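Only the coordinates and a few stated rules stand behind these numbers; no lab work does. Since the model is a prediction, treat every value here as computed from it, not as a measurement. Here the Cβ positions follow ideal geometry from the backbone for every residue, glycine too, while neighbour counts run over all protein chains shown.
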Ligand SMILES: Cc1cc2nc3c(=O)[nH]c(=O)nc-3n(C[C@H](O)[C@H](O)[C@H](O)COP(=O)(O)OP(=O)(O)OC[C@H]3O[C@@H](n4cnc5c(N)ncnc54)[C@H](O)[C@@H]3O)c2cc1C
């Protein structure tokens, strides 16, 4: 294998002490410009704060753009029929209408994407997901933050937290210009991996309780010149070989037996995009790797890119509709589903999700199922929120234990491995981001710590910003 693996007992050396330029002092610093970071920046700016977003890449979007994770998963309640059959679809279905439980910045982004011709609105046809174009997502997100007066620093990787008296007041970034520091009254960790919180000493958990294994990584890619009609005709003729967004079991078995495919998954998973002649392929799988380990990340890139090549060839050779298609683009990096889960004042559980539990300090809601891609091999576990229902995410899941001045949002908030598999999706990450931004801004403006801000203040600000926290907070269903 060409990639370096961690030496069994690596030598350790001392690094020389160094100085860093202070690039900015701001009310709210958002680290990471993915869905959570976009939501956080918009939430904090709308609440009246000066906001800086620092991001390791040269564009916004996180997994939505860098990893080509192209549909926003559904944030609508399930109908009984959809609950039984699975609402997400590549081909048209008849599942009846669900109600949106997220509004606020998700709604704003969605409207802008649709207006720019970069997304298909959620409907029966999309199974209430939102297929979008990642290039349009990049500039729409930047335009929204720009209009909100947010400042960006790109190409900046957060490597250290500056902590005094157990309170975070700045972050060190590695850049081409050397290390730079951004100081802030409140820091928001929207890195997906909880990098800042972990560096600041916040407690965290990784993976399943029994063995710390996390969900697999997946390199996403786009196949273009796809003939939808030919594929639909194949599916109609082989109804046992395709369900919603996944299938082709028999063809995969044959290709695997012939040595053409070496995949730890039994099916192909495709999503529609706003482009008629394109599908987004979510079918590579690299198990037993952790997205905060550089050796694992390197191995995952190598392995998933080999798998991608095999899958593209398999589709072209064996699947009607793909004969003339080709892989036009893969993610900048293999997509990382799960790493650190910061331990907060409350840890959301799978029972909270499956029982559609409500909390007095709700700051976001979700309907997305428990969705665990097997950390060890084939298979995916899906367990749905009851039809017509949603669950609440409490503010306490965003407040890391043992550390002040820091709020987390997105996929690294506090919950169990099983609960994470549900709240990790992008609309929910954006909604927790908006709540973290509102909380941070209220703290920065009043000179308090985020933990000292009451849930009712955050809720009032979120409702003022157009978020949907349910009927108990005066929000009407969308
Ligand atoms: C293969 C795959 C398929 C998925 N499918 C779907 C789907 O269909 N629909 C859906 O809604 N969700 C899906 N998800 C889940 C979803 O993409 C993520 O959980 C979601 O993007 C989390 O948002 P986030 O902002 O918390 O993190 P991320 O999207 O990971 O964004 C984190 C941002 O922080 C930046 N960053 C990270 N570390 C640092 C650092 N140290 N310094 C500076 N910047 C940093 C990153 O570059 C990135 O921009 C999928 C995920 C994967 C991996």
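Secondary structure note: in the chain, about 70% of the DSSP beta bridges are antiparallel. A straight line joining the Cα centroids of the range 358-374 and the range 95-144 runs 19 Å. Dividing the summed helix terms, -39500 (n - 2.57) for each DSSP H run of n ≥ 4, by the number of residues in the chain produces a 222 nm estimate of -8500 deg cm²/dmol to the nearest 500. Scoring 277-285, 242-250, 226-234 by mean Cβ neighbours within 10 Å over their residues and listing the highest first yields 277-285, 242-250, 226-234. Between 0 and 90 degrees, the angle of helix 228-237 with respect to the longest Cα principal axis of the chain falls at about 60 degrees.
By the count of neighbouring beta-carbon atoms within 10 Å, fewest first, 76, 318 end up ordered 318, 76.
The label point for residue 6 and the one for residue 324, both projected 7 Å from the Cα toward the Cβ, are 4.9 nm apart. Annotation for residue 260 and residue 355: the two label points, set 7 Å from Cα along the Cα-Cβ direction, are 5.0 nm apart. Quick check on the range 381-478: take the gyration tensor over C-alpha atoms, sort the square-rooted eigenvalues as a ≥ b ≥ c, and tell me if it's rounded (a/c under 1.5), prolate or oblate. The shape class here is oblate.
For the chain, the longest principal axis of the alpha carbon atoms and the long axis of helix 294-318 meet at an angle near 30°.
By per-residue mean of other Cβ atoms within 10 Å, what is the highest-first order of 453-464, 376-387?
Sorting 453-464, 376-387 by mean packing, highest first, produces 453-464, 376-387.
If R₀ is 22 angstrom, what is the calculated FRET efficiency for the pair residue 294 and residue 14, using the beta carbon separation as r and rounding to 0.05? After rounding to 0.05, the efficiency reads 0.65. Here's the picture: a label point sits 7 Å out from the Cα of residue 464 along the beta-carbon direction, and within the range 38-55 the residues with their amide nitrogen under 11 Å of it are 46-49.
May I ask you to sort 50, 189 by Cβ crowding, counting other Cβ atoms within 10 Å and putting the fewest first? Neighbour counts put them in this order, fewest first: 50, 189. How many angstrom lie between the C-alpha centres of the range 167-193 and the range 194-255? Spelled out, the Cα-based centre of one part sits 32 Å from the other. Between the range 1-76 and the range 289-324, what is the C-alpha centre distance in whole Å? Centre-to-centre (Cα) distance: 25 Å. By the gyration tensor of its Cα atoms, with a ≥ b ≥ c the square roots of the eigenvalues, what is the shape of the range 221-330: rounded for a/c under 1.5, prolate for a/b over b/c, or oblate? Prolate, since a/c reaches 1.5 and a/b exceeds b/c.
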